[in-house]
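Asks: There's a structure below that I have some questions on.
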């Protein structure tokens, strides 16, 4: 018998023991195809047993081919493939007389664990009985071929070494126990998930406008930045809520939900909660998870992941345009540093965003153009900018953070001379204003008789009035007190009776609604925590009209 017979024997063994019997085991188990156990323990144990069993069988076959010069396949005394020419007592044959079969049994044990069914066990028992009968028949032939040498080997080494099979059975038993425990744990976990999901579903019915809830305590956090995971995106209604709860339990334990009136579905997401001082981290996580926006819980604010705020966060610096000529709101010293009430508000905005602040020079005549220019010179403008309808038509303006109104500065020696606007609107009164701003606009619209003088630098006008080069400066109640306090030659006799009433805010381009909302949030928080009124007191400014 040549190589063809060897190959035939190997292929026949492969078809019967590696493919045929496992296929029959699967067939009687009733498992679907393909099939995999739910338990990770069963999967691992099954694969380890199958691989180890096949490895032992293949090793034994190769050893037999090299040392014994034969083929293991024999059919009850009929030579199907070449028989061994030398008795093998070393290598795997030191463990037992039939290591190939022990390997097959271990392999079958792996298949049993994978299928985890009783009926396949009957197939294995039948296989063991038939193979044992075959082994006994073969033992008689070996006694005839090898005589006393085989009989001595037979006494020393057992047929199967039952301790190996006992070890396999122990592994299977351990896997069974672990799997049962795991199944019990899984059942308990699933029951817990279902219970929580029922509670969240009931909660959602009472909060259709949206919510974020800690499913561990069933309470709503009031602070933080909520960002949804991509893994639970577009999960809707009760039948998909279990998946969301399971994911949340494995992560931070937060779930967000809302009702979509357009399609009539409740949507749920497993949610990660960031501290509110980590907006950059929240937005970055949102981008990584394909989210449109992140949600700030304390202010009910949506921040787009690809909006103006996100652009500023990526840059790491927010750019403020300011005139730097308006004490005490915004003033630029000769060394380039800025100070003032508006500058401190700007720094608080930057702090809230978690970025650095940088100030860019603008002017009153060019303010609107500078805000609207593309590419942008700065992200927003701050410092003495009055909220007006005209500005709101073409730009965005924040909520007011400082009361404002038109008034005058004059020499203290002439303070009693000016009691009304009529006292100012006279030909002999020289009224000085800076160009391009609302001061010039007010003077032109309300002073038809006075001598209006335009001076380029706003910060120089108070000194010029004090020195007699002008009689009156049109200014605002935010600016006048500073000059009265710092120059005894000046007075503001109409400070408590301003000609106009308004507020100062932050100016920016349209299309930056997310940045506008963040600015408004900062202003609102500063009002609530008292830091804005304290800032007014620091600079001697009017917080609000009575």
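Asks: Return the residues of region 298-311 that are in a loop (DSSP other than H, G, I, E, B) and over 15 Å from the mean Cα position of the chain (by Cα); say none if nothing qualifies.
Replies: Listed by number, the residues that qualify are 298, 299, 300, 307.
Asks: Given (1) over 17 Å from residue 515 (Cβ atoms); (2) exposed (fewer than 14 other Cβ atoms within 10 Å of the Cβ); (3) touching a helix residue (DSSP H, G or I) at 6+ places or on another chain (Cβ under 9 Å), where does residue 344 come up short, assuming only one miss?
Replies: (2)
Asks: Still on this structure, please answer the following. Return only the number of the condition from (1) under 20 Å from residue 203 (Cα atoms); (2) at pLDDT below 95; (3) in contact with a helix residue (DSSP H, G or I) (Cβ under 8 Å, 6 or more places away or on another chain) that residue 299 does not satisfy.
Replies: Checking residue 299 against (1) under 20 Å from residue 203 (Cα atoms); (2) at pLDDT below 95; (3) in contact with a helix residue (DSSP H, G or I) (Cβ under 8 Å, 6 or more places away or on another chain), the one that fails is (1).
Asks: Looking at (1) buried (at least 22 other Cβ atoms within 10 Å of the Cβ); (2) more than 15 Å from the chain's Cα centre (by Cα); (3) over 16 Å from residue 197 (Cα atoms), find the lone condition where residue 263 falls short.
Replies: Single failed check for residue 263: (1).
Asks: Among the listed residues 103, 147, which satisfies the condition of being modelled with pLDDT of 85 or more, in the same structural domain as residue 42 (by TED's automatic domain parsing) and over 18 Å from residue 51 (Cβ atoms)?
Replies: None of the others qualify; the one that does is 147.
Asks: Out of 222, 271, which single residue is closer than 30 Å to residue 317 by Cα, in contact (Cβ under 8 Å) with a residue 40 or more places away in the chain and assigned to a loop (DSSP other than H, G, I, E, B)?
Replies: That would be 222, the only listed residue that is closer than 30 Å to residue 317 by Cα, in contact (Cβ under 8 Å) with a residue 40 or more places away in the chain and assigned to a loop (DSSP other than H, G, I, E, B).
Asks: Can you pull out every residue in region 317-338 that is in a loop (DSSP other than H, G, I, E, B) and in contact (Cβ under 8 Å) with a residue 40 or more places away in the chain?
Replies: Across region 317-338, the qualifying residues are 323, 324, 327, 328, 329.
Asks: When only residues in region 206-218 that are more than 21 Å from the chain's Cα centre (by Cα) and either free of Cβ contacts under 8 Å to residues at least 24 places away in the same chain or crowded, with 20+ Cβ neighbours inside 10 Å (or both) count, which is nearest to residue 258 (Cα to Cα)?
Replies: 206
Asks: If you don't mind, there's one more thing I want to ask. Tally up the residues in region 82-95 that are buried (at least 20 other Cβ atoms within 10 Å of the Cβ) and modelled with pLDDT of 85 or more, please.
Replies: Residues flagged as buried (at least 20 other Cβ atoms within 10 Å of the Cβ) and modelled with pLDDT of 85 or more within region 82-95 amount to 1.
Asks: Restricting to region 465-496, what's the tally of residues that are more than 23 Å from residue 383 (Cα to Cα) and either assigned to a loop (DSSP other than H, G, I, E, B) or free of Cβ contacts under 8 Å to residues at least 40 places away in the same chain (or both)?
Replies: Of the residues in that region, 8 qualify.
Asks: Go through region 488-508 residue by residue and tally those that are within 12 Å of residue 462 (Cα to Cα) and in contact with a helix residue (DSSP H, G or I) (Cβ under 6 Å, 6 or more places away or on another chain).
Replies: Residues flagged as within 12 Å of residue 462 (Cα to Cα) and in contact with a helix residue (DSSP H, G or I) (Cβ under 6 Å, 6 or more places away or on another chain) within region 488-508 amount to 4.
Asks: Could you tell me whether residue 140 is out of contact with any helix residue (DSSP H, G or I) (no Cβ under 9 Å at 6 or more places or on another chain) and either assigned to a helix (DSSP H, G or I) or not assigned by TED's automatic domain parsing to the domain that holds residue 13 (or both)?
Replies: Yes, satisfied.
Asks: In addition: I'd like the full set of residues that are modelled with pLDDT under 95 and in contact with a helix residue (DSSP H, G or I) (Cβ under 9 Å, 6 or more places away or on another chain), limited to region 464-479.
Replies: Hits for region 464-479 are 475, 476, 478, 479.
Asks: Determine which single condition residue 243 fails, assuming it passes every other condition in (1) under 26 Å from residue 41 (Cβ atoms); (2) in contact with a strand residue (DSSP E or B) (Cβ under 9 Å, 6 or more places away or on another chain); (3) touching a residue at least 12 places away in the same chain (Cβ under 8 Å).
Replies: (3)
Asks: Considering each residue of region 360-378, count those that are in contact with a helix residue (DSSP H, G or I) (Cβ under 6 Å, 6 or more places away or on another chain) and surrounded by 19 or more Cβ atoms within 10 Å (Cβ to Cβ), and give that number.
Replies: Final tally of qualifying residues: 1.
Asks: Now a separate question. Could you tell me which numbered condition residue 461 fails, if it satisfies all but one of (1) more than 30 Å from residue 353 (Cα to Cα); (2) touching a helix residue (DSSP H, G or I) at 6+ places or on another chain (Cβ under 8 Å)?
Replies: Against the list (1) more than 30 Å from residue 353 (Cα to Cα); (2) touching a helix residue (DSSP H, G or I) at 6+ places or on another chain (Cβ under 8 Å), residue 461 comes up short only on (2).
Asks: Test residue 286 against the criterion of being without any contact (Cβ under 8 Å) to a residue 60 or more places away in the chain, within 23 Å of residue 299 (Cβ to Cβ) and assigned to a helix (DSSP H, G or I), and give yes or no.
Replies: In short, yes.
Okay, residues lined up against (1) at pLDDT 95 or above; (2) within 16 Å of residue 364 (Cα to Cα); (3) not in a helix (DSSP H, G or I):
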position	(1), (2), (3)
426	yes, no, yes
432	yes, yes, yes
443	yes, yes, no
461	yes, yes, no
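Asks: Checking residue 261 against (1) touching a strand residue (DSSP E or B) at 6+ places or on another chain (Cβ under 8 Å); (2) closer than 13 Å to residue 210 by Cα; (3) at pLDDT below 95, only one condition comes out false. Which one?
Replies: Exception for residue 261: condition (1).
Asks: So is residue 314 assigned to a helix (DSSP H, G or I), on the phi < 0 side of the Ramachandran plot and surrounded by fewer than 15 Cβ atoms within 10 Å (Cβ to Cβ) or not?
Replies: Spelling it out, residue 314 is indeed assigned to a helix (DSSP H, G or I), on the phi < 0 side of the Ramachandran plot and surrounded by fewer than 15 Cβ atoms within 10 Å (Cβ to Cβ).
Asks: What number of residues within region 276-288 satisfy the criterion of being farther than 20 Å from residue 210 by Cα and surrounded by fewer than 18 Cβ atoms within 10 Å (Cβ to Cβ)?
Replies: 5
The values are calculated or read from the model by the stated rules, or taken from the named source; none is laboratory data. Quantities reported herein were computed from a predicted structural model and do not represent experimental measurements. Here the Cβ is made from the backbone with ideal geometry for all residues, glycine too, and neighbour counts use every protein chain on show.
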